[in-house]
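The values are calculated or read from the model by the stated rules, or taken from the named source; none is laboratory data. Given the structure is predicted, the values throughout are model-derived calculations rather than measurements. A quick note on method: Cβ atoms are made from the backbone with ideal geometry, for glycine too, and the neighbour counts reach across all protein chains shown.
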């Protein structure tokens, strides 16, 4: 089984960190994985995305033409990557910054107020990790325990003081009520 993930937003939202955490969690679960970052020269404020490909076998390729799961943290990312979701795939969109419009009927949508939830947590920079918690629950593709360990592995030593808040953000995302979503 091979699954492709795209995480996208603007520079400063922690998109690449979220992808690195997801890739690390898959490695901890014994999967083969690639992490492929992509960002413009402008970085902070510019478009940033990364692709994670996870497989039980060797990863077939990176920079695929379509994805099983997409996390769009802003409107530009939602608009740009909506066409890349496979039929039956899942678009997780940050409804704080993305209009809840469903133009495709062949995919599943999950709109969640990710930025608002991060603000309520006390740090808007936790939106990326909150989104991973939502992905873990909705996609049923990685365990919360693996993501917790991956966070500990990936967060650099000079940022370890933020680990408890990141773990809390992950849990809030995982416990977010998914009832309105068609999954």
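Has region 102-111 got any residue that is buried (at least 18 other Cβ atoms within 10 Å of the Cβ), in contact with a helix residue (DSSP H, G or I) (Cβ under 7 Å, 6 or more places away or on another chain), at pLDDT 95 or above and within 22 Å of residue 12 (Cβ to Cβ)?
No, because not a single residue in region 102-111 is buried (at least 18 other Cβ atoms within 10 Å of the Cβ), in contact with a helix residue (DSSP H, G or I) (Cβ under 7 Å, 6 or more places away or on another chain), at pLDDT 95 or above and within 22 Å of residue 12 (Cβ to Cβ).
Mind listing whichever residues of region 124-141 are closer than 14 Å to residue 74 by Cα and under 9 Å from the mean Cα position of the chain (by Cα)?
If the condition is that a residue be closer than 14 Å to residue 74 by Cα and under 9 Å from the mean Cα position of the chain (by Cα), then 128, 131 are the ones that fit.
When you look at residue 92, is it farther than 24 Å from residue 149 by Cβ, in contact with a helix residue (DSSP H, G or I) (Cβ under 9 Å, 6 or more places away or on another chain), assigned to a strand (DSSP E or B) and touching a residue at least 40 places away in the same chain (Cβ under 8 Å), yes or no?
In short, no.
Mind telling me which of the residues 117, 162 ends up being at pLDDT below 95, more than 19 Å from residue 52 (Cα to Cα) and in a helix (DSSP H, G or I)?
Result of the check over 117, 162: 162.
Among the candidates 168, 99, which residue alone is surrounded by fewer than 17 Cβ atoms within 10 Å (Cβ to Cβ) and in contact with a helix residue (DSSP H, G or I) (Cβ under 9 Å, 6 or more places away or on another chain)?
Selected residue: 99, the only one of 168, 99 that is surrounded by fewer than 17 Cβ atoms within 10 Å (Cβ to Cβ) and in contact with a helix residue (DSSP H, G or I) (Cβ under 9 Å, 6 or more places away or on another chain).
In region 56-86, what residues are outside any helix (DSSP H, G or I), at pLDDT 95 or above and out of contact with any helix residue (DSSP H, G or I) (no Cβ under 6 Å at 6 or more places or on another chain)?
Matches in region 56-86: 68, 73, 74, 85, 86.
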